[in-house]
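Step one of this worksheet: look at the structure below.
We did not get these values from a lab; they are worked out from the coordinates using the rules stated. All values reported here derive from a predicted model rather than from experimental measurement. All Cβ positions, glycine included, derive from the backbone under ideal geometry; neighbour counts span all protein chains shown.
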Amino acid sequence: RQCWSPDQIAGRSRRDFPENPERTFSHQTIYNWLARDDHRRRWIVYLRHYRRKRRRPKSAGRVDRALEKRPIIVNERGRYGDWEGDTIVGAGRHGGALVSLVERKSGYLALLPVPSKHATLVRRAMCGRLQQLPSELRQTITLDNGSEFAEYATLESALDMDVFFTDLHSPWQRGTDENTNGLARQYFPKGTNFNQVSRYKVARAENLLNNRPRKRLHYQTPSEVFTEQRHRAFQT
């Protein structure tokens, strides 16, 4: 019901019960059970379905903040505190949006509701959330080239973070955030009017996504990994 994938469930079972093989299983066991059990339709709705997207050719973005100028350590996920950002747009002219911020190494997600994509509203929402973090977890942020991020210079100054931009029409250059936005769409499908969605519902979706185990984190959750780093940073 929390939309964990069979791989995440199986991997977490091995992490939580390493000495109890009766409580561990493989992802294939879950798929086999779904295929033969008469309750299949009840549970199949929680599986995520991927759609292959066609890539568009690259074109120049903000040259002075181009992606190739980003430090190599960011590309390698060699530290915590490097973020990616985008907006998930609501339906129609007055459907609001969510600003999604994802920390690249841990996969930790922040979802920030805004009434519109106006640059000032987006910048204030980002500053309000990221200013709560220690400076060690505010290194860089890589953004889409949309007009909602036009106040990036003010953002840099307020947060003491370096801002970089992807090429135009190149969402795969923010792959972590793009993939996480796809996960968020499980809770907020296209056509959602975010100005009619409660902040509680947004916070609940954020919490559920941050508490899904991830294979690349050895089946720890983004929340577990990020909270540990935040605690260490505040101690120092």
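Counting Lys +1, Arg +1, Asp -1, Glu -1, what net charge surrounds residue 124 among other residues with beta carbon under 13 Å of its beta carbon?
+1
What does the charge count near residue 114 come to, summing +1 for each Lys or Arg and -1 for each Asp or Glu among other residues with Cβ under 12 Å from its Cβ?
Values: positive: 117, 123, 124, 129, 199; negative: 148.
Charge balance near residue 114 sits at +4.
Sorting the Cα pairs of region 114-185 by distance into bins of 5 Å, from 0 upward, gives 3, 15, 23, 25, 25, 8, 1 percent per bin. In order along region 132-140, the phi-based Karplus estimate (6.51 cos²θ - 1.76 cosθ + 1.60, θ = phi - 60°) of 3J(HN,Hα) comes to 6, 9, x, 4, 4, 9, 10, 9, 9 Hz; Gly and Pro are listed as x.
A simple rule links phi to the HN-Hα coupling: the Karplus curve 6.51 cos²θ - 1.76 cosθ + 1.60 with θ = phi - 60°, which for region 219-226 gives 6, 7, 9, x, 5, 4, 5, 5 Hz, with x for Gly and Pro. For region 165-172, backbone phi angles converted through the Karplus equation (6.51, -1.76, 1.60; θ = phi - 60°) give residue-by-residue couplings of 10, 6, 5, 4, 6, 10, x, 5 Hz, Gly and Pro being listed as x. Sorted from longest to shortest, the spans of the Cα atoms of the chain along the three principal axes equal 55, 46, 37 Å. Largest GNM mean-square fluctuation across 225, 202, 45, computed for the chain with C-alpha springs under 10 Å, falls on 45. Cross-link check: pairs 117/215; 69/215; 69/190; 117/201 evaluated at a Cα-Cα cut-off of 28 Å; pairs beyond the cut-off: 117/215; 69/215; 69/190. Of the residues 219, 72, 134, the one whose Cα sits farthest toward the positive end of the charge dipole of the chain, with +1 on the Cβ of Lys and Arg and -1 on the Cβ of Asp and Glu, is 219.
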